[in-house]
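Inspection log for the structure reproduced underneath, given as C-alpha cells.
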Amino acid sequence: NLAIDLGDTGIKIQPTMYGIFYEDINFAADGGLYAELIKNRSFEFPDPKMGWEEPNSVKYSLNKESGFSKITDYVEPKGGNKRFSHTVVQNDARYELFNTGFRGIGLKKDASYHLSIMLANATGVKKLKIALVDTVGTVLASSEIIPDNKDWKTYERVLVPNTIEEKAKLKITFEGNGSIDMDMLSLFPKDTWKGRRNGLRKDLVELLEGLNPGFLRFPGGCIVEGKTLDQRYQWHNTVGPVMERELLINRWNNEFAHKSAPDYYQTFGLGFFEYFQLAEDLGAQPVPILGCGMACQFNSGELVPLENLGPFVQEALDLIEFANGNVSTPWGKLRGEMGHPEAFNMKYLGIGNEQWGPEYFERYKIFAKIIGEKHPEIILVSTPGPFPDGDMFDYGWEQMRELNVALADEHYYKPPEWFLENANRYDSYDRNGPKVFAGEYAAHPNEVEDGTLENNWRAALSEAAFMTGLERNADLVHMTSYAPLMAHAEGWQWAPDLIWFNNLDSYGTVNYQVQKLYSNNAGTDLLKITEEGKALIGQDGLYASAVKDADTGELIIKIINTESHPQQLKLVTNNGTLDKTGAMFSLQSSDLQAVNSFEFPNMVSPKESTLTVITDMVEVAVEPYSVNVLKIKI
Ligand code: AHR
C-alpha cells in the first residue's frame, strides 16, 4: 500500500526543475541543429579547402586543364571573414568545384533549399551552374547565375531536389575563360524552425520543444573552457553579422573520436543571440555558462593570473548587458540591431564548467563579488568539480558553502546501478548550502562491441528511478538536465546522448522518453508518498514520487518498477478527495537492452490507460521494467 498525502508540504517544484543542456559536441551545432548544409562555407577553416573538392583542377598552377581555385586573404578583412576563393577558368573549359557538406548534404524530395553565394570581380567567367548531385553525380536540382559585377554581390536561388538523398554534394561549374571571386556559399532548407533564414533544423527543435524544458543551458560543457585559453568559447565572437563571426576549433575536434572529427569547427552561425532566441521560443530560462579564466583541467589547465582576470569578468558583465540591457547601451544596442530590442530577461549565469581546486574558487570569488555588486539580480551557478567522487568534489562543496553559492552544478556519468543506489542521494544533503543544479547526468551501461555506449532501456529505467529522488528533494534540487543532448550518428565523440540524428532524420532515445514524461508532468507542489511511513526508494524494486499541479488541479504520481515481474499496488490518499477516473502513461519494455532507433523510433514510447478511482483509493498493476505516470484530478 502506498499512502499519498494531499496536504501541503510547502515545497514548490521549480519551473526550472527539468531543462536541457545543449553543448556543441557530436556535431550538435554545425552539421546538426544549425541548418546550414555547406561545410566551410567561407573558407575560414585552418585548411581552407576542407569540405571542398576540385576533381579536375590543377591546383595553384596555370599549365593545363580546366582551372583552379586559390584561397586568398582579404586586404581589409571584416572580423572573422578573412578569406575568399579566387577561381580561374582556363582553356575555354568548365571548372568544377564540389562541397561535400557535413558527411554529405541531406535533401528531401520537393523541398525548397535557399542558396546564396557572394561573387565579385567576374572577368571572363560567363556562367556558374549550381547543382545538387547524388553520390554518382546525377543532378537532383540545378540553377544558373550569370555574374556581371565587380563589387561583391549576393546572388540567391531556390533549389528543389526531385528525389530524397542523404549524401548529396553541391556542385558549381564555372564556364568561360577568366576568373571570379567567391565567398559565403550557403545552403539552408527553407523549412527551418519558424522559417528563419539563418535558422535551425526544424525536426531537432521540435524534439526539444517536446521536452517542454524549464531552462536551456548553453553552450557547454568543456567547449566553454577550451583545451587552451585561446581556444575557449568567447560569446562576443558569436554575435553580430553571421559572416563576420570568428571561427574556432571545436574542443571535441578529434577528441575521444569514435567517429573521428578532424573537421569539427565552430562557425558560430548558431551563436549567443540564437541561443537566447531558442530559449525564448521554448519558453525556457536561458542559462549561459562562461569561462572563468581557466582552460580545461583535463587538458592544458592554463590559468589566467588573478590580476589579469578583469577582461574575463568584463565578458560576463557585457553578456548581462547584451541579454538584459537597454538598447541605449552598447551591447543592448547590438541585440536590438540583431532583431530583438526587448531584453531576454536572463536570470542565471554559470561561471566555469567542471572546474576544481583552490584555483577555481579564488577566481569564482572575483566574478561573484563584481557581478554581485553590479547585478545582484543575477543568480550565479558555480561548480563543485567534475564527478561526485573523491576529494576535489568534497572540497568544492565546502568552498561553495563558505562562499554562499546559490546553485551548484553537479555532473555524473555513472553505471545504471549507481543511479538506482543513489536515488536517495539528496535526502541527506545540507539544506543550508547551495541549491543543486544536476547539470549533466546520464547512466552509462556496458559498452557494446564497437565501443558504443548504448541508450538502452536499462539505463533509462535507472535514470527514471533516480529522478524520483530528484523530485522528492525538490526543496534542494532546483534544476536538472540529462547530457549530452544531441549526436550525429556519423560524427559523435560521446555516447549515450538524448537525441540522435543523421542528415535527414532524428529520434528521441528511450532516455528522451523518460525525460519527456517527467518534464511534461513536473507539477507545481511536492506531495508526500510513502510505504509504511517511508519514502519508496527501491523497496521491492519500486521508486516513487508525487506532486500536485495547481494549474490543472491534478495529482501526479510517478512509479518506477525496476523488477522483472509485474506488481499490484494499492494507492490510498488522505487529506483530500479524487476524481472517479484518471489516466496512466507508461513506458515499458521487458527487454532491458531495448533501444529506439532511426528504424524503430518508437520502440519504447508512452502508452495510455485509464484508471478507476474508488473514493480515495486506486489499484494499479505496474508492468515489469516500467516507468509510470498516474494523473488524477483532485
Ligand atoms: O557532456 C560531455 C562532457 O562531459 C561535457 O563537455 C563536460 O562538462 C563533461 O565532462
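The values are calculated or read from the model by the stated rules, or taken from the named source; none is laboratory data. Note that this is a predicted model, so its numbers are computed, not measured. Backbone-built Cβ (ideal geometry, glycine too); neighbour counts: all protein chains shown.
Summary of values
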| item | result |
| --- | --- |
| Scan of the stretch 394-407 for residues that are buried (at least 19 other Cβ atoms within 10 Å of the Cβ) and part of a helix (DSSP H, G or I), ordered by number | G396, W397, Q399, M400 |
| Subset of the stretch 112-148 (residues that are in a loop (DSSP other than H, G, I, E, B) and farther than 20 Å from Y95 by Cα) | S112 |
| Strands (runs of 3 or more DSSP E) lying entirely in the stretch 594-634 (those with 2 or more residues that are of a type outside the set (A, V, I, L, M)) | 607-614, 626-633 |
| Within the stretch 16-34, tally of residues that are within 15 Å of the ligand (Cβ to nearest atom), more than 24 Å from A261 (Cα to Cα) and not hydrophobic (A, V, I, L, M, F, W, C) | 1 |
| Conditions (1) surrounded by fewer than 17 Cβ atoms within 10 Å (Cβ to Cβ); (2) under 28 Å from L229 (Cβ atoms); (3) within 27 Å of the chain's Cα centre (by Cα): number failed by K374 | (3) |
| Inter-residue pairs, beta-carbon under 9 Å, first closer than 24 Å to V239 by Cα and in the stretch 74-95, second crowded, with 20+ Cβ neighbours inside 10 Å and of a type in the set (S, T, Y), 6+ apart | G80/S42; G80/T267; N81/S42; K82/S42; R83/S42; F84/S42 |
| Residue in the stretch 459-478 that is in the same structural domain as I25 (by TED's automatic domain parsing), within 15 Å of the ligand (Cβ to nearest atom), in contact with a helix residue (DSSP H, G or I) (Cβ under 9 Å, 6 or more places away or on another chain) and among the aromatic types (F, W, Y) present | no |
| Residues within the stretch 582-606 that are over 27 Å from N502 (Cα atoms) and touching a strand residue (DSSP E or B) at 6+ places or on another chain (Cβ under 6 Å), tallied | 5 |
| Out of L140, L115, L119, L62, sole residue that is at pLDDT below 95 and out of contact with any Cys (no Cβ under 9 Å at 6 or more places or on another chain) | L62 |
| Residue that is surrounded by the fewest Cβ atoms within 10 Å (Cβ to Cβ) [pool: residues in the stretch 172-210 that are touching an Asp or Glu at 6+ places or on another chain (Cβ under 8 Å) and among the hydroxyl-bearing types (S, T, Y)] | T173 |
| Test for F322: is it over 24 Å from N26 (Cβ atoms), in contact with a Phe, Trp or Tyr (Cβ under 9 Å, 6 or more places away or on another chain), surrounded by 23 or more Cβ atoms within 10 Å (Cβ to Cβ) and not aliphatic (A, V, I, L, M) | yes |
| Count of residues meeting criterion [among the polar types (S, T, N, Q), assigned to a helix (DSSP H, G or I) and without any contact (Cβ under 8 Å) to a residue 12 or more places away in the chain] in the stretch 309-359 | 1 |
| Members of the stretch 520-547 found to be surrounded by fewer than 21 Cβ atoms within 10 Å (Cβ to Cβ) and in contact with a Leu (Cβ under 6 Å, 6 or more places away or on another chain), listed by number | E531, L542 |
| Of residues in the stretch 485-500 being assigned to a loop (DSSP other than H, G, I, E, B) and within 13 Å of the ligand (Cβ to nearest atom), the one nearest to the chain's Cα centre (by Cα) | L485 |
| The stretch 345-368: number of residues that are away from the ligand (no atom under 16 Å from the Cβ) and buried (at least 20 other Cβ atoms within 10 Å of the Cβ) | 7 |
| Residue under evaluation A406, criteria (1) touching a strand residue (DSSP E or B) at 6+ places or on another chain (Cβ under 8 Å); (2) more than 16 Å from F276 (Cβ to Cβ); (3) within 16 Å of the ligand (Cβ to nearest atom), criterion not met | (3) |
| Cross-chain or 6+ apart pairs with Cβ under 6 Å, the stretch 406-430 first and in the same structural domain as K347 (by TED's automatic domain parsing) and in contact (Cβ under 8 Å) with a residue 24 or more places away in the chain, then within 16 Å of the ligand (Cβ to nearest atom) and part of a helix (DSSP H, G or I) | P416/A459; F419/E463 |
| Residue within the stretch 268-290 that is under 13 Å from Y364 (Cα atoms) and either within 16 Å of the ligand (Cβ to nearest atom) or among the aliphatic types (A, V, I, L, M) (or both) present | yes |
| Test: residue in the stretch 344-355 that is in contact with a strand residue (DSSP E or B) (Cβ under 7 Å, 6 or more places away or on another chain), closer than 22 Å to V239 by Cα and of a type in the set (V, I, T) | yes |
| Odd one out for E398, checked against (1) at pLDDT 90 or above; (2) more than 14 Å from the ligand (Cβ to nearest atom) | (1) |
| Only listed residue being touching a Gly at 6+ places or on another chain (Cβ under 7 Å) and of a type in the set (S, T, N, Q), chosen from N198, N254 | N198 |
| Hits in the stretch 77-92 (condition: under 15 Å from I172 (Cα atoms) and buried (at least 18 other Cβ atoms within 10 Å of the Cβ)) | S85, T87, V88, V89 |
| Qualifying position, being among the polar types (S, T, N, Q) and free of Cβ contacts under 8 Å to residues at least 60 places away in the same chain, among N237, N198, N212, N253 | N253 |
| Residues located in the stretch 171-209, provided they are under 26 Å from the mean Cα position of the chain (by Cα) and modelled with pLDDT under 95 | R197, N198 |
| Flag for P388 being assigned to a loop (DSSP other than H, G, I, E, B), at pLDDT below 95 and within 16 Å of the ligand (Cβ to nearest atom) | yes |
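Listed here are the residues, each with its yes/no results for (1) touching a Phe, Trp or Tyr at 6+ places or on another chain (Cβ under 8 Å); (2) buried (at least 22 other Cβ atoms within 10 Å of the Cβ).
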{"site": "D263", "(1), (2)": "yes, no"}
{"site": "F268", "(1), (2)": "no, yes"}
{"site": "Y275", "(1), (2)": "yes, yes"}
{"site": "I289", "(1), (2)": "yes, yes"}
{"site": "C292", "(1), (2)": "yes, yes"}
